[in-house]
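Presented below is the structure to which this report refers.
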Amino acid sequence: MDSKKLAGEKAVEFVEDDMIVGLGTGSTVYWTILKLAERIKEGLKINGVPTSKDTEQLAIKLGIPLVDLSVLSKVDLAIDGADEVNPNLALIKGGGGALLREKMIASISEKFIIVADGSKFVQSLGTFPLPIEVIPFGWELTKKQIEKIGPINPILRLKNNTPFITDNGNYILDCYMKSIEKPEDLTVQLNMIPGVVENGLFVNMCDFAIIAGNNDTIEIKY
Ligand code: 5RP
């Protein structure tokens, strides 16, 4: 079986009746959402909170009941994908540009589960370019401020030759680094720069990661 599907579907085993479930974004958690919709048709009672407009549309199409984040003070369980996961379960997220809503929902989740195929599990973060969401106003200045931190090489993300716009109306700078030695320090440094809305480092947030390898194997990393 496709490893994204295997990891994505496995996460549904942790969903229980009456939970508020954070619904992540991307091609791995897509399988989680499909499986959840199946379980709902069989009688599972949950409400979902989508982390992006794409996920919201998918959930509506599949008949998953949704609840607005504004009326919540916590989420029981959030399930999401990742671009990189290290052995401490620090993550790079935001390859799909949804990092801000993903982090907001993960931050109020009692449990945060990552689903990924084996290629995402790395010894050191940083091969995948780190996405940073910035406000469009003066983004060039924000980029210069980010460059002062070190050899980070931020590049404006483009789509069809124009800036990629997030669901929140912002831009993304993808940062090309060799490796990120201290993700907890870097996330603080980045978020202190005015103009930075959020960065794609998720540190001390993930409770466990469901990693699917070849030959239909699954490993749960704590
Ligand atoms: C979107 C994300 C995704 O979770 C991440 O990019 C992984 O996506 P995929 O499961 O498609 O590889 O952070 O902002």
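Bear in mind these aren't lab numbers, they're just calculated from the coordinates by the rules spelled out. Keep in mind it's a predicted model, so treat the numbers as computed, not measured. Using ideal geometry, Cβ is built from the backbone for each residue, glycine included, and neighbour counts are taken over all protein chains shown.
With a simple spin-label model that places each label point 7 Å from the Cα along the Cα-to-Cβ direction, the separation between ASN47 and GLU147 comes to 4.7 nm. Among GLY200, GLY94, GLY150, the residue with the largest mean-square fluctuation in a Gaussian network model of the chain, with springs joining Cα atoms closer than 10 Å, is GLY150. A compact globular protein would have a Cα radius of gyration near 2.2 N^0.38 Å; the ratio found for the chain is 1.00. Built from the Cα atoms of the range 41-83, the convex hull projects on average onto 3.9 nm², one quarter of its surface area. As a length-normalised measure over Cα pairs under 8 Å and 6 or more apart, the relative contact order of the chain settles at 24 percent. Each of MET1 and ASN161 was given a label point 7 Å from its Cα along the Cα-to-Cβ line. The distance between the two points is 4.4 nm. GNM, the chain, Cα, under 10 Å: largest mean-square fluctuation among LEU190, LEU130, LEU100? Result: LEU190 has the largest fluctuation of those listed. Mark the label point 7 Å from the Cα of ILE60 along Cα→Cβ and return the residues of the range 97-120 whose backbone N is within less than 19 Å of it. Hits in the range 97-120 for ILE60 at 19 Å: 98, 101-102.
Highest GNM mean-square fluctuation among LEU72, LEU91, LEU62, for the chain modelled with Cα contacts below 10 Å: LEU72.
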